[in-house]
1. In this structure, is I224 open to solvent by less than 100 Å² (accessible area, probe 1.4 Å) and either among the aliphatic types (A, V, I, L, M) or touching a strand residue (DSSP E or B) at 6+ places or on another chain (Cβ under 6 Å) (or both)?
2. Output the residues belonging to the stretch 160-171 that are more than 10 Å from the ligand (Cβ to nearest atom) and surrounded by 14 or more Cβ atoms within 10 Å (Cβ to Cβ).
3. Within the group A78, A63, A22, which residue is at pLDDT 95 or above and more than 16 Å from G141 (Cβ to Cβ)?
4. Among the residues of the stretch 243-269, which ones are open to solvent by less than 70 Å² (accessible area, probe 1.4 Å), under 20 Å from K211 (Cβ atoms) and either in contact with a Leu (Cβ under 7 Å, 6 or more places away or on another chain) or not charged (D, E, K, R) (or both)?
5. Output the residues belonging to the stretch 1-50 that are under 16 Å from the mean Cα position of the chain (by Cα), away from the ligand (no atom under 16 Å from the Cβ), closer than 22 Å to E196 by Cβ and open to solvent by less than 40 Å² (accessible area, probe 1.4 Å).
6. Take the residues in the stretch 207-216 that are assigned to a helix (DSSP H, G or I) and out of contact with any Pro (no Cβ under 8 Å at 6 or more places or on another chain); name whichever of them is farthest from C246 (Cα to Cα).
7. How many of the residues in the stretch 81-117 are surrounded by fewer than 20 Cβ atoms within 10 Å (Cβ to Cβ) and more than 8 Å from the chain's Cα centre (by Cα)?
8. For residues in the stretch 121-147 being more than 12 Å from the ligand (Cβ to nearest atom) and buried (at least 23 other Cβ atoms within 10 Å of the Cβ), which is farthest from R172 (Cα to Cα)?
Amino acid sequence: MEFVLYEEKGAVGIITINREKALNALNSTVLDELSETLDNVNLDVTRALILTGAGEKSFVAGADIGEMSTLTKKEGEAFGKKGNDVFRKLETFPIPVIAAVNGFALGGGCEIAMSCDIRICSENAVFGQPEVGLGITPGFGGTQRLARLVSPGMAKQMIYTARNIKANEAYRIGLVNEVVSATVDEAGNVTASAKENLMAAAEKMAATIAKNAPIAVRNCKKAINDGLQVNMDEAIVIEEKLFGDCFETEDQRYGMAFFLDKNKDKVKEAFKNK
Ligand code: CAA
């Protein structure tokens, strides 16, 4: 692929948007390649994904302004749908996706990060929805996901003012779960960059997720995502169904037998070929 790299590290898949010269801006080709990459993830072995941008400076600096500059109304709507379709595929992807935000996450960059389950960022990350300064609204879900993820008031402030926020403010308002810094030695030399530490933190979190029962993790993602769209009475029914689905799985039988049985070796032996 021209702009998207995919690497497997054990049970963790790493997707890198690789268009560094344009700060990983999302043109139609990037969006198509992202969609194709997701379609090709081997869900039999991969249990968590990490999404990041190439380089140290930018995660994704937004949708491609050059490509959008000449669009007609109809083409603009189609471009919005193209982005929304890919981002929704990411949001509803069966396994968890961690956004490792390594710098600018503006416009479509903030929006794609919000389509992931979890966001962690480097200390140099900058988030924002600068679209109104370009004469457009956010178009890849920003008006919807930001208001759901932070608060409607904070989302409106960020979107109406088009003011970018730094990593620590993104952490304060709950847009990211963690901010990762560079490692600096006593002499002031950087021994590991913020991006290196960010990827290490993302891989560690992904590996922790990947160690847990895969059907249970998938069902948790679905329960949370689907439950947030409906009222509590309907939401708990969604959970009941997905909770019930876990029973009779090998993971449930093994996990509970392992907890209950004092003879752990016996349980391991009984389940070793399952
Ligand atoms: N689209 C296309 N190209 C982009 C881009 C974008 N969103 N962002 C950066 N680039 C390109 C620049 O044009 C430049 O290319 P050239 O070297 O060929 O000139 C290259 O990336 C490097 O960018 P800068 O020289 O501008 O780098 P900088 O360090 O001076 O500034 C920046 C960095 C503040 C992120 C600045 O590039 C910027 O403001 N980018 C645009 C951010 C933006 O407005 N994003 C929202 C887009 S609209 C959107 O996303 C709509 C939607 O919701 C779907």
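1. So I224 does not fit the description; no.
2. From the stretch 160-171, those more than 10 Å from the ligand (Cβ to nearest atom) are 160-161, 163, 165-171; that's our starting set.
Those that are more than 10 Å from the ligand (Cβ to nearest atom) and surrounded by 14 or more Cβ atoms within 10 Å (Cβ to Cβ): I165, K166, A167, E169, A170, Y171.
3. Exactly one of A78, A63, A22 is at pLDDT 95 or above and more than 16 Å from G141 (Cβ to Cβ), namely A22.
4. C246, T249, Q252, G255, A257, F258, V267
5. V4, V12, G13, I14, I15, T16, A48, L49, I50
6. Out of the qualifying residues, it is A207.
7. Counting residues in the stretch 81-117 that are surrounded by fewer than 20 Cβ atoms within 10 Å (Cβ to Cβ) and more than 8 Å from the chain's Cα centre (by Cα) gives 9.
8. To start, the set of residues in the stretch 121-147 that are more than 12 Å from the ligand (Cβ to nearest atom) comprises 121-123, 147.
If we keep only those that are buried (at least 23 other Cβ atoms within 10 Å of the Cβ) too, we end up with 121-122.
Values: C121: 13, S122: 14 Å.
Only one residue fits best here, namely S122.
The values are calculated or read from the model by the stated rules, or taken from the named source; none is laboratory data. Keep in mind that what you see is a predicted model, and the values were worked out from it rather than measured. Glycine gets a Cβ as well: all are built from the backbone with ideal geometry, and neighbour counts include every protein chain shown. To get the accessible areas, we keep the full protein, side chains included, count just its heavy atoms, and leave off ligands, DNA and RNA. Shrake-Rupley method; radii C 1.70, N 1.55, O 1.52, S 1.80 Å.
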